[in-house]
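So the structure is just underneath, and the comments pick up after that.
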Amino acid sequence: MKRFNIKYLSVFLSISFFLASSFSILAQDRGNTTENYDFGNKWKFGGGLGIGFGSGYTDIMIAPSALYQVNPYFSVGTGLQGSYISSKNRSYYNSNIKEYNSWIYGGSIIALSNPIPQIQLSAELEQLRVNNTYKYHEGQKIDDNFWNTALFLGVGYSQGPVTVGVRYNVLYKEKDMVYGSAYMPFVRFYF
């Protein structure tokens, strides 16, 4: 079983501190840009919702999050994630699996920075609990439960409340079977 490692948290906090301090200096150089910043409206809410259905396949995901806008260039926040995946009577490569179910839930710490309004840099430390159940044709049932830690670094193009981009999981391990690849495209909405 995997345990949360404090080393990942320290890497995330170091990156966040570097981004916050560098963009605070940048904000001071931008003249009167900060005069238009609304300090009374610092909270943004958003997240993601995903639903997929197919022949014997169900995938439901919800991921709400909240951000605190530290200054016009930097925000920090937290998020929750929960998903359910079920696959029945599908063929798996080199497998005798009849049914697969997975419950995944956890949280994340998020840091976003916009050095210019159109470009968004991100760092996200995510800790998920993964509960997989495999049922085989001969009646055998195997539970595979573990913790998965991910550290995503990303870049995206922002237009208003929407950002489209790609992020990379620097802690990706194929054997964890949580994500199909270290690279993940994303669409973020915050209002």
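The values are calculated or read from the model by the stated rules, or taken from the named source; none is laboratory data. Predicted, not measured: the structure shown is a model, and the values here were computed from it. Heads up, the Cβs are rebuilt from the backbone with ideal geometry, glycines too, and the neighbour counts pull from every protein chain shown.
Within segment 109-118, the set of residues being touching a Gly at 6+ places or on another chain (Cβ under 9 Å), of a type in the set (Val, Ile, Thr) and either without any contact (Cβ under 8 Å) to a residue 12 or more places away in the chain or crowded, with 20+ Cβ neighbours inside 10 Å (or both) comprises just one member, 110. Number of residues in segment 137-179 that are hydrophobic (A, V, I, L, M, F, W, C), without any contact (Cβ under 8 Å) to a residue 40 or more places away in the chain, surrounded by 15 or more Cβ atoms within 10 Å (Cβ to Cβ) and not in a strand (DSSP E or B) equals 0. Residue check: residue 59 meets all listed conditions (1) in contact with a strand residue (DSSP E or B) (Cβ under 7 Å, 6 or more places away or on another chain); (2) closer than 20 Å to residue 167 by Cα but one, namely (2).
Of everything in segment 119-136 that's in contact (Cβ under 8 Å) with a residue 40 or more places away in the chain and of a type in the set (Ser, Thr, Tyr), which residue is surrounded by the fewest Cβ atoms within 10 Å (Cβ to Cβ)? Quick ask: steps written out before the conclusion?
First pass over segment 119-136, keeping only residues in contact (Cβ under 8 Å) with a residue 40 or more places away in the chain: 120-128, 130, 132, 136.
Retained after the next criterion (residues that are of a type in the set (Ser, Thr, Tyr)): 122, 136.
Numbers: 122: 21, 136: 13.
Within segment 119-136, the match that is surrounded by the fewest Cβ atoms within 10 Å (Cβ to Cβ) is 136.
Is there a residue in segment 118-136 that is of a type in the set (Val, Ile, Thr) and within 16 Å of the chain's Cα centre (by Cα)? Looking through segment 118-136, at least one residue is of a type in the set (Val, Ile, Thr) and within 16 Å of the chain's Cα centre (by Cα).
Any idea which residue in segment 62-99 is farthest from residue 155 (Cα to Cα), counting only those that are aromatic (Phe, Trp, Tyr) and modelled with pLDDT of 90 or more?
As a first pass, look at segment 62-99 and keep what is aromatic (Phe, Trp, Tyr): 68, 73-74, 84, 92-93.
Still in the running and modelled with pLDDT of 90 or more: 68, 73-74, 84.
Values: 68: 19, 73: 14, 74: 14, 84: 28 Å.
The extreme case among them is 84.
The test for being among the aromatic types (Phe, Trp, Tyr), in contact with a Lys or Arg (Cβ under 7 Å, 6 or more places away or on another chain) and either at pLDDT 95 or above or within 30 Å of residue 140 (Cα to Cα) (or both) holds for residue 105.
Within segment 63-84, take every residue that is closer than 13 Å to residue 188 by Cα and among the aliphatic types (A, V, I, L, M) and give me the one that is surrounded by the most Cβ atoms within 10 Å (Cβ to Cβ). Residue satisfying both the conditions and the ranking: 67.
For segment 39-62, residues that are under 13 Å from the mean Cα position of the chain (by Cα) and either on the phi > 0 side of the Ramachandran plot or surrounded by 14 or more Cβ atoms within 10 Å (Cβ to Cβ) (or both) total 5. Flag: residue 187 matches the condition of being among the β-branched types (Val, Ile, Thr), surrounded by fewer than 13 Cβ atoms within 10 Å (Cβ to Cβ) and within 13 Å of the chain's Cα centre (by Cα). Pairing residues of segment 52-66 that are under 22 Å from residue 107 (Cα atoms) with residues that are among the aromatic types (Phe, Trp, Tyr) and part of a strand (DSSP E or B), at Cβ distances under 6 Å and at least 6 apart in sequence or on separate chains, gives 60/84; 66/45.
Based on this model, can you work out whether residue 138 counts as within 23 Å of residue 51 (Cβ to Cβ) and among the charged types (D, E, K, R)? Against the criterion (within 23 Å of residue 51 (Cβ to Cβ) and among the charged types (D, E, K, R)), residue 138 does not qualify.
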